[in-house]
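These notes concern the structure reproduced below.
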Amino acid sequence: MSRESTDFLYPFIEGDEDDAPSLLADLATSAGAKWDQSSRLRLETLHLLDAQLGEVAAVMARCFEGGGQLFAFGNGGSATDADDVAQLFTSPPWGEPLPARSLVTDHAVLSALSNDIGFDVVFSRQLEAHGRPGDIALGLSTSGNSENLLRAFAQAARRGVRTVGLSGYDGGRMADCEELEHCLVVRSDSVHRIQETQAAVVHALWAAVQAEYRSEASHENASHEGAA
Amino acid sequence: MTRPDHAPVGGDFGASADAGLCEDLARASLALARRFSAGGTMWCISPSSPFHAHHVAVEFVHPVIMGKRALPAVVVPAGADLVATLRATVRPGDMVVAIAGAGESDVSRAMRRGPAWGAETVWIGAGPRPADGAADHVLWLDVDDPLVASELFVRMYHLLWELTHVCFEHTGLLRPDTCDEEVCITCSDEGRTAEVISVGGLGDALVRTAEGREHIDTTLIDPPCPGDLVLVHAGAAIATLEKTSLEEDRR
């Protein structure tokens, strides 16, 4: 096990040469190829999901206008994406700050639930405590198969919390999850490339919510003016 | 552009890889692989977007690709005194990886101390660049949109991870003493960066350098304070690089 193969990642880098400049040149070439691949997936995905993002954004904007809040959650790298979501919605670079929370940040809650019951319930149990009708549960996964996300969506559905999921590959179990209303799938089989594009999807979703939220508000203003 | 009013959808942001950035990523990855191979720990910092530091750390500790080895990567928690925490915990041979803007002064102060702490520094960011030599590896994007930049940071540290693991297959290139640079500071008697630990009464000071603690003569420079960065040559401080007091750290 002293040698691990990354040949499938970088098929044209061979064996054991001890020539640093040549390794560096190969690495730079590989990085460039991966970069371009990621850029293509990002653009293709944003185009593919464009209509669906608009629908989800409209649902979310209505929730926020009704006083709802957003709960974001995921495991590993997707947990950090959940933190990104919470930070972006509450402290946006522009636009309206909107109420959002990550369900992965409280280590006391996470360790208590994991220790007493199991990691499968860490998100569902928190939604049981916090979720209200008109809130939004946003779960992120690259595989779409995380048990704790599926349980969270089920719990959310029971409580009238709207459900949105980000998944990869072919959507995994999330694609077939009855309690998940909206599943945004980044179609790739590389976890890294999926995650990179999911970050873009999250940002596009946030921007669409901002646009939708403003338009609803101005629509309201317009109708008030019309009534006056 | 199907949704021009909904930035940042679409666009050509980062569509094509920048050759210089790819070379920088390659060099940084080889440096990280060498440090990990020699037992170094990676410290991850991103005070204004803590999720990035957590993402880097989890990537290296528990890789998404099965069978890849777990590597020691640690997040300096948000809210911690960055410089004080790193000063207390970083060991010679470690790495500090930052995802931060050039204007984040705590990050800049931490990066500048890398040579004194014996740490290799990698600084990932976008927009206005930090000064030349602000870190060993400055991986920078010419992107203004903070969200697009944030997306590309994820791409950059994923590539750092992937390339680092490729380097592990080239064991002949992982010796920590390998010198490919034209000038190797540690092999010559160039000036070395030192951080002042305490000041004596007779124009001397105890300092920390990449090689450990040593007493130096400080009569050639203005009296230093603990926390200052000085340039040491042949047992004497010959210049003050940064005037900072430890009190300021604790603000």
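Below, the figures for the structure above:
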item	result
The listed residue being acidic (Asp, Glu) and within 18 Å of A:Phe123 (Cα to Cα), out of A:Glu179, A:Glu196	A:Glu179
Close pairs from the stretch A:36-64: first free of Cβ contacts under 8 Å to residues at least 24 places away in the same chain, partner charged (D, E, K, R) and crowded, with 16+ Cβ neighbours inside 10 Å, Cβ under 8 Å, at least 6 apart	A:Asp50/B:Arg3
Verdict on B:Arg87 being facing chain A (nearest Cβ under 7 Å), surrounded by fewer than 22 Cβ atoms within 10 Å (Cβ to Cβ) and either in contact with a Cys (Cβ under 9 Å, 6 or more places away or on another chain) or not in a loop (DSSP other than H, G, I, E, B) (or both)	no
Residues being hydrophobic (A, V, I, L, M, F, W, C) and more than 19 Å from A:Val185 (Cα to Cα) - total across the stretch A:155-172	3
Unique residue being within 16 Å of the chain's Cα centre (by Cα) and among the polar types (S, T, N, Q) when the list is B:Ser16, B:Ser29, B:Ser37, B:Ser49	B:Ser29
Residues of the stretch B:59-74 that turn out to be within 11 Å of chain A (Cβ to nearest Cβ), more than 11 Å from B:Thr41 (Cα to Cα) and aliphatic (A, V, I, L, M), as a count	3
Scope the stretch B:128-145; condition in contact with a Leu (Cβ under 8 Å, 6 or more places away or on another chain) and not in a strand (DSSP E or B); matching residues	B:Val143
Pairs with Cβ under 7 Å, 6+ apart, first in the stretch A:179-205 and more than 9 Å from chain B (Cβ to nearest Cβ), second among the aromatic types (Phe, Trp, Tyr) and crowded, with 23+ Cβ neighbours inside 10 Å	A:Glu179/A:Phe153; A:Leu180/A:Phe153
Flag if B:Arg129 is surrounded by fewer than 23 Cβ atoms within 10 Å (Cβ to Cβ), within 14 Å of another protein chain (Cβ to nearest Cβ) and farther than 30 Å from B:Ser198 by Cα	no
Flag for A:Phe89 being at pLDDT 95 or above, in a helix (DSSP H, G or I) and within 14 Å of chain B (Cβ to nearest Cβ)	yes
Helices (runs of 4 or more DSSP H) wholly inside the stretch A:93-200 that include at least 1 residues being over 26 Å from A:Leu46 (Cβ atoms) and at pLDDT 95 or above	A:107-116, A:122-130, A:147-158
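The values are calculated or read from the model by the stated rules, or taken from the named source; none is laboratory data. Note that this is a predicted model, so its numbers are computed, not measured. Don't worry about glycine lacking a Cβ; one is built from the backbone with ideal geometry, like all the others, and counts go over all protein chains shown.
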